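I have placed the structure first, in the form of structure tokens, so that the comments after it can refer back to it.
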Amino acid sequence: MNETILIVDDEKEIADLIELYLKNDGYDVKKFYSGIEALSYAEKNAVDLAILDVMLPDIDGFHICGKIREKHYYPIIMLTAKVEENDKIMGLAIGADDYITKPFNPLEVTARVKAQLRRYMKYNTVGESEKTVEEIDINGLVINKSNHKCCLYDKEIILTPIEFSTLWHLCLNRGKVVSSEELYEAVWGEKYLDSNNTVMAHIARLREKLGEPARNPRFIKTVWGVGYKIEK
């Protein structure tokens, strides 16, 4: 295990603690206490996962997340002392994959890191011996699981691993209404809580990438009070 993890947090004790636990698990950790330095590193070097504090003295974690998402699709975990739901939705909407509120157990952070990296590798690695192509074509929307590629009318749509997993599950169950609970537990692999808006934020992000109008989307339909549906 030698994946490179980028950490940025201006609270030295927190950054050092996360670094210690991740290094003990065999990860290569690049640690920064300022957003500008972290962003400069991310723009010039290979990274497998980023852990970004939201509140930084120079540029905030949302800005760093947005800049990373312009070019890269590796997992991003946001750290924050805030508990406002809007901050969580904002982070997920601009491309974050997970969100952890301070204070936290460092073992939880390492567990989230492992889960995100497993998901990322699962959907971005094609085995040399893999011969079958798992592909779904729905009215010009083509999604291929074996090469993690999504195209809309022959134009490639770049998706993060979470976005891809969400869309794949909906396409796989096309014609059925998939509840937020089922979608969350299938994609994130965790128990769904009623106050969780993670699914809603990722659906909004997917619709934006697909160029879908919020009021009358062509592909991902909202069935109010039930869940989401992609027609056959």
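Quick check on region 4-30: of everything there that is charged (D, E, K, R) and part of a helix (DSSP H, G or I), which residue is farthest from M78 (Cα to Cα)?
Going residue by residue through region 4-30, those that are charged (D, E, K, R) are 9-13, 16, 19, 23, 25, 28, 30.
Filter again for part of a helix (DSSP H, G or I), leaving 12-13, 16, 19, 23.
Working: K12: 16, E13: 17, D16: 16, E19: 15, K23: 19 Å.
Looking at the filtered set, the residue picked out is K23.
For region 163-232, the strands (runs of 3 or more DSSP E) that sit wholly inside it and include 3 or more residues that are surrounded by 18 or more Cβ atoms within 10 Å (Cβ to Cβ) are 227-230. Can you go through P75, P106 and tell me which one is modelled with pLDDT of 85 or more and closer than 22 Å to Y184 by Cα? Just one listed residue meets the conditions, P75. Close Cβ contacts (under 9 Å, 6 or more residues apart or on different chains) running from residues in region 25-39 that are under 21 Å from I59 (Cα atoms) and touching a residue at least 60 places away in the same chain (Cβ under 8 Å) to residues that are open to solvent by less than 40 Å² (accessible area, probe 1.4 Å) and among the acidic types (D, E) are absent. All conditions in (1) within 17 Å of V187 (Cβ to Cβ); (2) open to solvent by 20 Å² or more (accessible area, probe 1.4 Å) hold for V142, with the sole exception of (1).
The values are calculated or read from the model by the stated rules, or taken from the named source; none is laboratory data. On a predicted model such as this, the values are computed, not experimentally measured, just so you know. In this analysis, Cβ positions are derived from the backbone assuming ideal geometry, glycine residues included, and neighbour counts consider all displayed protein chains. Ligands, DNA and RNA are excluded from the accessible area calculation, which covers all protein heavy atoms including side chains. Shrake-Rupley method; radii C 1.70, N 1.55, O 1.52, S 1.80 Å.
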